[in-house]
1. Within the range 152-168, restricting attention to residues that are farther than 16 Å from H325 by Cα and touching a residue at least 40 places away in the same chain (Cβ under 8 Å), which residue is most open to solvent (accessible area, probe 1.4 Å)?
2. What pairs come up if the first residue lies in the range 125-147 and is more than 17 Å from N103 (Cβ to Cβ), the second is among the acidic types (D, E) and part of a helix (DSSP H, G or I), and their beta carbons are under 9 Å apart, counting only those six or more places apart or on different chains?
3. So for the range 249-259 (the condition being in contact with a Phe, Trp or Tyr (Cβ under 7 Å, 6 or more places away or on another chain), closer than 19 Å to A282 by Cβ and among the hydrophobic types (A, V, I, L, M, F, W, C)), does at least one residue qualify?
4. Only one residue in M205, M171 is hydrophobic (A, V, I, L, M, F, W, C), assigned to a helix (DSSP H, G or I), crowded, with 24+ Cβ neighbours inside 10 Å and modelled with pLDDT of 90 or more. Which one?
5. Out of the residues in the range 210-229 that are under 24 Å from the mean Cα position of the chain (by Cα) and of a type in the set (V, I, T), which is surrounded by the fewest Cβ atoms within 10 Å (Cβ to Cβ)?
6. Within the set of pairs 6 or more residues apart or between chains, which connect a residue that is at pLDDT below 85 and buried (at least 17 other Cβ atoms within 10 Å of the Cβ) inside the range 1-23 to a residue that is in a helix (DSSP H, G or I) and among the charged types (D, E, K, R) with Cβ atoms less than 9 Å apart?
7. Which numbered condition in (1) β-branched (V, I, T); (2) part of a strand (DSSP E or B); (3) crowded, with 16+ Cβ neighbours inside 10 Å is the only one that V256 fails?
8. Condition test on K59, is it at pLDDT below 75 and of a type in the set (D, E, K, R)?
Amino acid sequence: MIDSVTIKMISQHMGYSVSTISKALNGYPDIGESTRKHIIETAMQMGYVPNLMARSLVKKTSHIISVIMPDIATSIYSEIYKSIQHSCRVNNLNVFLCDCDRNLELEIEYVKVALENQVMGILIAPLSDDISHIRSLVSDRIPVVYLGGKVNDVRENFVSSNNTYGAELGMDYLFSLGHRRITAITDDGSSLSCLRRIEAYAGKMDAHHLEKHILISERREDNVQKTGYLLTKKLIASHSIPTAIFAVKDLLAVGVMQALNESGIRVPEDVSILGYDDISLAALPMLELTTIAQPKKEMGDNALRILLEQVEKQGMIPKSNYYAHPQLVVRKSCRRV
């Protein structure tokens, strides 16, 4: 029977000690990665199913990670989640996914639910850089790791992409193509990630003694693509068309392309477009968007690593921070002037 497979049976079958098998199945860091994977794969083939309920009663915690996302329909979040989910499988963990739908009350509720169910820890991409409600609820009872650019407080565990580096990488690429009239477009002036990208744009333009032109949406739209479309229509109406547009999100760039196409302005022949994030849409043949790729797997893997380290050491180690480095992905939306 599948449920009769025990750690002792796996030990006898593989020739490893019961202690080694147990540590591998429970994700202890003193087991080599190749050995751990081999043990987990063999255990699964034998039909081993961990008794999570019994483990919860002994450790007063579950073998579950709570992942709280602002909006799983947003490509960047769904892709980071998939990376986390894969890493959890490798580490023999279960995942409880919570989609806040950009609702603060839901975010609060999901944190409460995680605590009530005694999860091992929480990975959360918060809705805001104000995380006082999360701090108050958790109160160091379980580890929390923040994802994304909104939380960069060294008093917290966080994993972020180096937005300044990524935006500078993109601007240097546009400069290398000869562009000097470059407009930046952003949908959210309050987002720390967007702010860092805009600051990098401005810094590079200043360094080249060039005039800055930044378009910021006057009101927060849930539809990011629509925001890019409306801002570009405004730009076209001003009769001040640049040679290149830096959209700080790929979805903004999609809206930019739509507005330019409707006005008979060709991409990249008339205007080059640079995006940011490298969502799955960016590679579609009708877009071929040149963009700055968020290192989504690197972010997900390191968020889980930090969480497991904090669980293992029971919070008795300093908070851990990790900055992932974006990469330039060159496709067909930019050309030399």
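The values are calculated or read from the model by the stated rules, or taken from the named source; none is laboratory data. This is a predicted model, so every value here is computed, not measured. Don't worry about glycine lacking a Cβ; one is built from the backbone with ideal geometry, like all the others, and counts go over all protein chains shown. The accessibility values were calculated without ligands, DNA or RNA, using every heavy atom of the protein model including side chains. Shrake-Rupley method; radii C 1.70, N 1.55, O 1.52, S 1.80 Å.
1. Of the residues in the range 152-168, the ones farther than 16 Å from H325 by Cα are 153-157.
Now narrow it down to the ones that are touching a residue at least 40 places away in the same chain (Cβ under 8 Å): 154-157.
Numbers: V154: 104, R155: 156, E156: 24, N157: 2 Å².
Checking each candidate, the answer is R155.
2. P143/E309
3. Of all residues in the range 249-259, those in contact with a Phe, Trp or Tyr (Cβ under 7 Å, 6 or more places away or on another chain) come to 249-250, 255, 258-259.
Next cut, closer than 19 Å to A282 by Cβ only: 249-250, 255, 258-259.
Next, only the ones that are among the hydrophobic types (A, V, I, L, M, F, W, C) stay: 259.
For the range 249-259, residues in contact with a Phe, Trp or Tyr (Cβ under 7 Å, 6 or more places away or on another chain), closer than 19 Å to A282 by Cβ and among the hydrophobic types (A, V, I, L, M, F, W, C): present.
4. Of the residues listed, the single one that is hydrophobic (A, V, I, L, M, F, W, C), assigned to a helix (DSSP H, G or I), crowded, with 24+ Cβ neighbours inside 10 Å and modelled with pLDDT of 90 or more is M171.
5. To start, the set of residues in the range 210-229 that are under 24 Å from the mean Cα position of the chain (by Cα) comprises 216-217, 220-228.
Among the residues that remain, those that are also of a type in the set (V, I, T) are: 216, 224, 227.
Numbers: I216: 15, V224: 20, T227: 27.
Among them, the one singled out is I216.
6. K23/R36
7. (2)
8. Numbers: at pLDDT below 75: yes; of a type in the set (D, E, K, R): yes.
For K59, the condition - at pLDDT below 75 and of a type in the set (D, E, K, R) - is met.
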